[in-house]
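Structure first, commentary second.
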Amino acid sequence: MPAPEPDGRLEAARSLASQRDHMVTCATRDKNRLRSVLLESCPAFEALAGLSDDRWLAALEALGGPWGILDAGKRALGAATRGGDRAASDAAFDAAESSTRPSEYMVAAENPQVEVLARRIREASAEARRLDGEIAALLREDGTYGCLLTVPGIGPRTASELVIAIRIEDFPDHGHLASYCGVAPRNRRSGTSISSVTASRQGNRRLKNLLIFSCNSLARSGGRFGEYYRSCRGRGMCRGEALKATARKRMKVIYAIMRDKVPYAA
């Protein structure tokens, strides 16, 4: 029996996803470095700087670190972060103003570092978003992708990652798929007793993070998963544990949809 023809669009999506993951890794690395620079320079400012906001990154790229921003003035910071949280930017400015300023040699060394790091984070994040769009466009005609988008809480990024990373034929049941995705609970044995505890640290970390994070949108929903989340909270689970449990429960639906290629039905 001849081998099936490879799906060119899926292969291209996997290639783009690999580049997207590289961009995300670069942005995360530079964000951690920028936080370290700001923390060393002015901890009070660092705590208030929103490094996941493009407006904040643009301000840091244009004005430098806290002391560059202080020298430029509150109006310049407000203009650079226009459309964002004005109270937060004012608070960050005031935090720098009330902190001890390092030597001018340190300020002169710090500002260029902040500007470069902020630019790189912004560019890498923008490229990751562009690649996400290309991946979604490639998978638009994929039946499994379209069906996954009908699942509560599953958006284009999570759906594309599931389609790219998983050959559903390789998983005999939803438990094996949940284990691969890192949302299956670990079993802890003590003598003859077995207790299920937190989700395993093993599995596909990116899928695990996407699947758990996407359950945030279900926390206040009126559907079955929102009700399940609230019941977990009512049983004393913290927010993170309840989100993991909800992601695990939703895994049964995801498995059935990927196996049968049918839309979600509540």
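The values are calculated or read from the model by the stated rules, or taken from the named source; none is laboratory data. Only a predicted model underlies this, so the values are computations on that prediction, with no experimental measurement involved. In this analysis, Cβ positions are derived from the backbone assuming ideal geometry, glycine residues included, and neighbour counts consider all displayed protein chains. Ligands, DNA and RNA are excluded from the accessible area calculation, which covers all protein heavy atoms including side chains. Shrake-Rupley method; radii C 1.70, N 1.55, O 1.52, S 1.80 Å.
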Legend entry - Paramagnetic reach from Thr28 (point 7 Å along Cα→Cβ, amide N under 14 Å) across the stretch 94-135: 125
Inset, instruction - Using 0.36 nm per residue of separation minus the Cα-Cα distance, give me the extension gain between His176 and Arg233 in nm, one decimal. - result: 17.9 nm
Legend entry - Candidate lysines - alpha carbon under 29 Å from Lys74, same-chain residues fewer than 8 apart omitted: Lys31
Inset, instruction - With all distinct Cα pairs included, what does the Kirkwood hydrodynamic radius of the stretch 66-186 come out to in Å, to one decimal, could you say? - result: 18.9 Å
Inset, instruction - Once you have the Cα-Cα distance between Ala44 and Ser98, take 0.36 nm times their residue separation minus that, and quote the gain in nm to one decimal. - result: 18.5 nm
Inset, instruction - Express the accessible area of the chain per residue in Å², computed with a 1.4 Å probe while the remaining protein chains stay in the model. - result: 54 Å²
Legend entry - Separation in nanometres of the label points that stand 7 Å from Cα toward Cβ, at Asp21 and Arg220: 3.4 nm
Inset, instruction - Could you tell me what percent of the accessible area of the stretch 54-114 is made up of carbon and sulfur, with a 1.4 Å probe and every protein chain present? - result: 53 percent
Inset, instruction - Measure off 7 Å from each Cα along the Cα-to-Cβ vector at Asn209 and Asp85, then give the distance between these two points in nanometres to one decimal. - result: 2.1 nm
Inset, instruction - Return the whole-Å distance between the Cα centroid of the stretch 153-180 and the Cα centroid of the stretch 105-131. - result: 34 Å
Legend entry - Computed E for Ala256/Ala12 - FRET, C-beta separation, R0 41 angstrom, nearest 0.05: 0.90
Legend entry - Relative counts (whole %) of C-alpha pair distances in the stretch 1-117, using bins that are 5 Å wide: 2, 11, 20, 20, 13, 8, 6, 5, 4, 4, 3, 2, 2, 1, 0
Legend entry - Estimated distance in nm for a label pair at Arg140 and Tyr105, the labels positioned 7 Å out from Cα along Cα-to-Cβ: 5.8 nm
Inset, instruction - Compute the length gained on full extension between Arg130 and Tyr264: take 0.36 nm times their separation in residues and subtract their Cα-Cα distance, giving the result in nm to one decimal. - result: 45.4 nm
Inset, instruction - Order these peptides, 44-56, 16-28, by their mean beta-carbon neighbour count within 10 angstrom, highest first. - result: 44-56, 16-28
Inset, instruction - Note the angle between two axes, namely the Cα long axis of helix 54-63 and the longest principal axis of the Cα atoms of the chain, as a number of degrees from 0 to 90, rounded to the nearest 10. - result: 30 degrees
Legend entry - Once the Cα gyration tensor of the chain is diagonalised, semi-axes √(5λ) in Å: 42, 24, 17
Inset, instruction - Show that you can apply the helix-only estimate: for the chain, add -39,500 (n - 2.57) for every DSSP H stretch of four or more residues, divide by all residues, and state [θ] at 222 nm to the nearest 500. - result: -21500 deg cm²/dmol
